[in-house]
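Participant: Quick one: structure below, then a few questions.
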């Protein structure tokens, strides 16, 4: 739907809602709540299809005014967090699929670079992973337990350590986006090269399948959400590079807020990834079908939440407005 048609179709509701808010007109609370929900739905639609338009700016201002009027003395709903993850974020994130695709493609590219470099330079893996780690892994291979590294720490200690480290990496990927996205690209490049060389190392030892079925139990979610966090960094960096109709400061503030929303969405997944690495990956004796099932479910969950579900919500919202 064109912006002019969208505004013409809904302007009467917007003006009524604005009049109620600005003039403190008393109306039925249910009607007021229904108007607010409808306006926020319209804001989500405008944010998706007309992100830099006057319509989007007007609805955003109206939504802020409504929130201040309606919720200034109201306790935050206990379901606010659930609502954010199940409705608000997916509707919001669909507009940033392009940045997500860029982050994914950069990660894949440098993973290939890492694998190629390891294949052509015998010392590359040691340069990237460190002599101590490589020597320890070679010793584990000789002892008949290549994945013993996942059994050296206690499950709880590993869970907490890995989760905190992953969140730290995601914060770096986001915050370094302030350097015109170059800092985020560096984090993506570094992690991707490490992954590519790491996987080639096991391939060179004849253990590609053994390593993949073990590492990707937790790595599927872990790597995926690092890419999502990198998407947040690109959103931040692009807000500085491409302010559009906003001033550069306004664009930066908007990009920072949007990037933080994306970053917040990754926290539950990092906790899940940490749990899998701490409590599940260590069981290298598990049958292949179980490992493949965990990897498959993890991959589907990530793809559904960040790609499929947002597109479905966008289509439903579009159909509702037609």
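The values are calculated or read from the model by the stated rules, or taken from the named source; none is laboratory data. Note that this is a predicted model, so its numbers are computed, not measured. Positions of Cβ are generated from backbone atoms using ideal geometry, with glycine treated the same way; all protein chains shown enter the neighbour counts.
Participant: Suppose the filter is surrounded by fewer than 19 Cβ atoms within 10 Å (Cβ to Cβ) and touching a helix residue (DSSP H, G or I) at 6+ places or on another chain (Cβ under 6 Å); does residue 279 pass it?
Facilitator: On the way: surrounded by fewer than 19 Cβ atoms within 10 Å (Cβ to Cβ): yes; touching a helix residue (DSSP H, G or I) at 6+ places or on another chain (Cβ under 6 Å): yes.
Against the criterion (surrounded by fewer than 19 Cβ atoms within 10 Å (Cβ to Cβ) and touching a helix residue (DSSP H, G or I) at 6+ places or on another chain (Cβ under 6 Å)), residue 279 qualifies.
Participant: Residues in segment 238-282 that are within 29 Å of residue 56 (Cβ to Cβ), touching a residue at least 24 places away in the same chain (Cβ under 8 Å) and in a loop (DSSP other than H, G, I, E, B): how many?
Facilitator: Total satisfying the criteria: 3.
Participant: Could you say whether any residue in segment 48-61 is modelled with pLDDT under 85 and farther than 19 Å from residue 244 by Cα?
Facilitator: No; the residues of segment 48-61 include none that is modelled with pLDDT under 85 and farther than 19 Å from residue 244 by Cα.
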